[in-house]
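J.: Can you read through this structure? Questions will come right after.
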Amino acid sequence: MDNQVKRIKRELIRSGAILDIYTDTMELPDGKTEEWDFISHRKGAAAVVPVREDGKILMVRQYRNAIERMTLEIPAGSRDSVTEDTKVCAARELEEETGYKSDDLSFLISLKTTVAFCDEFIDVYLARNLKPGKQHLDEGEFIDVEAYEIDELCDMIYAGKLQDAKTVSSLLAYKNLLNQK
């Protein structure tokens, strides 16, 4: 079916710091045209599931304007450039947001966050053998770091308390990895 849907025109509506917003004019299989919103996340992102020696996972609590409340998430952030390796980005975000470093990062899962209207991707890494570093938040970023058992986090997912897609899918992928051992 995708070969029956064709983009006729893409118009840039707004260019932001990390996102470009477009209106696409699409030709549908029945010959009609329709306007669709499209958001381009120019750099992509990386995230990390940081696991301490005691098995607890470091999570970050921060305010999210889009949903007007505090959220509990895994550390994540945009790449500095389109060529930056996502593993390098994940390591940087780990230290920036939690104050911990790790030389033991392994790939966990790759995500497309909202395929209906956005091309953002996030590569997620598992970080073990954490070592104290120094938290250095971006300007305007206010984050609390908290530690949880994976089962506590899964309970929060199923109770609807954790809803961030990258966090939910990454934690479930990590739980699956643990179940395979």
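The values are calculated or read from the model by the stated rules, or taken from the named source; none is laboratory data. This one's a predicted model, so the numbers in the text were calculated from it and none came from an experiment. Glycine also receives a Cβ, built like all others from the backbone with ideal geometry; neighbour counts cover every protein chain displayed. Keep in mind that these areas ignore ligands, DNA and RNA; they rest on the heavy atoms of the full protein, side chains included. Shrake-Rupley method; radii C 1.70, N 1.55, O 1.52, S 1.80 Å.
J.: Using 1/(1 + (r/R0)^6) with R0 = 25 angstrom and r between the beta carbons of ARG128 and THR83, what's the FRET efficiency to the nearest 0.05?
T.: On the way: r = 27 Å, r/R0 = 1.07.
With R0 = 25 Å, the Cβ-Cβ based efficiency is 0.40.
J.: A further question follows. Counting Lys and Arg as +1 and Asp and Glu as -1, what is the net charge of the other residues whose Cβ lies under 11 Å from the Cβ of PHE121? Walk me through the numbers before you get to the answer.
T.: Numbers: positive: LYS43, ARG79, LYS112, LYS166; negative: ASP119, GLU120, ASP123.
Summing Lys and Arg as +1 and Asp and Glu as -1 gives +1.
J.: For a quick check of understanding: with a 1.4 angstrom probe and all protein chains in place, what accessible area in square angstrom does TYR63 have, to the nearest ten?
T.: That residue has around 120 Å² of solvent-accessible surface.
J.: Mean-square fluctuation check for the chain, GNM, Cα pairs under 10 Å: which of ILE18, ILE143, ILE122 is largest?
T.: Result: ILE18 has the largest fluctuation of those listed.
J.: With every protein chain left in place, what is the accessible area per residue of region 58-181 in square angstrom, probe 1.4 Å?
T.: Details: 6900 Å² over 124 residues.
Roughly 56 Å² per residue, with all protein chains present.
J.: Also: When only C-alpha pairs under 8 Å and at least 6 residues apart count, what is the relative contact order of the chain, in percent?
T.: 21
J.: Semi-axes of the equivalent ellipsoid for region 29-85, please: Cα gyration tensor eigenvalues, times 5, square-rooted, ordered largest first, whole Å.
T.: Values: eigenvalues 231, 62, 29 Å².
Its equivalent ellipsoid spans semi-axes of 34, 18, 12 Å.
J.: For the chain, what does -39500 (n - 2.57) per DSSP helix run (n ≥ 4), summed and divided by total residues, give at 222 nm, in deg cm²/dmol to the nearest 500? Write out the running numbers ahead of the final one.
T.: Details: 3 runs with 38 residues, N = 181.
Calculated from helices alone, the mean residue ellipticity at 222 nm is -6500 deg cm²/dmol.
J.: Further question: Net charge near LEU19, counting Lys/Arg +1 and Asp/Glu -1 over other residues with Cβ under 12 Å of its Cβ? Intermediate results must be reported in sequence, preceding the final value.
T.: Values: positive: ARG14, ARG42, LYS43; negative: ASP20, ASP37, ASP119, GLU120.
Here the count lands on -1.
J.: Among the DSSP beta bridges whose two residues both lie in the chain, what percent are antiparallel, rounded to the nearest 5?
T.: Details: 41 of 48 bridges.
Around 85 percent of the beta bridges assigned by DSSP in the chain are antiparallel ones.
J.: Let me ask something else about it. Tell me the label-point distance for the pair GLU53, PHE107, using the 7 Å Cα-to-Cβ offset, in nm and rounded to one decimal.
T.: That separation, rounded to one decimal, is 3.0 nm.
J.: On to the next question. For the pairs LYS9/LYS32; LYS131/LYS161; LYS56/LYS101; LYS101/LYS161, flag any whose C-alpha to C-alpha distance is greater than 18 Å.
T.: Values: LYS9/LYS32 14 Å; LYS131/LYS161 29 Å; LYS56/LYS101 15 Å; LYS101/LYS161 28 Å.
Going by Cα-Cα distance, LYS131/LYS161; LYS101/LYS161 fall outside the 18 Å limit.
J.: Quick one: how many Å² of THR113 are accessible to a 1.4 Å probe, rounded to 10?
T.: Surface open to solvent at THR113 totals about 40 Å².
J.: Please give the helix 165-180 orientation as an angle from the longest Cα principal axis of the chain, in degrees from 0 to 90, rounded to the nearest 10.
T.: 50
J.: For the chain, what's the radius of gyration and Dmax over Cα atoms, in angstrom?
T.: Cα only, the chain: 18.5, 59 Å (Rg, Dmax).
J.: Summing Lys, Arg as +1 and Asp, Glu as -1, what charge do residues with Cβ under 12 Å from the Cβ of ARG79 carry, ARG79 excluded? Can you show the working numbers first?
T.: Numbers: positive: ARG42, LYS43, LYS87, ARG92; negative: ASP80, GLU84, ASP85, GLU93, GLU120, ASP123.
The answer is -2.
J.: Here's a follow-up. Regarding region 105-181, what's the average projected area of the Cα-atom convex hull, expressed in nm²? Present the calculation step by step, with values, prior to reporting the outcome.
T.: On the way: hull surface 28.7 nm².
If I average the Cα hull's projected area over directions, I get 7.2 nm².
J.: Suppose R0 equals 30 Å; then what is the FRET efficiency for ARG61 and ASP24 from their Cβ-Cβ distance, rounded to the nearest 0.05? Walk me through the numbers on the way to the answer.
T.: Details: r = 36 Å, r/R0 = 1.21.
Given R0 = 30 Å and the Cβ-Cβ separation, E is 0.25.
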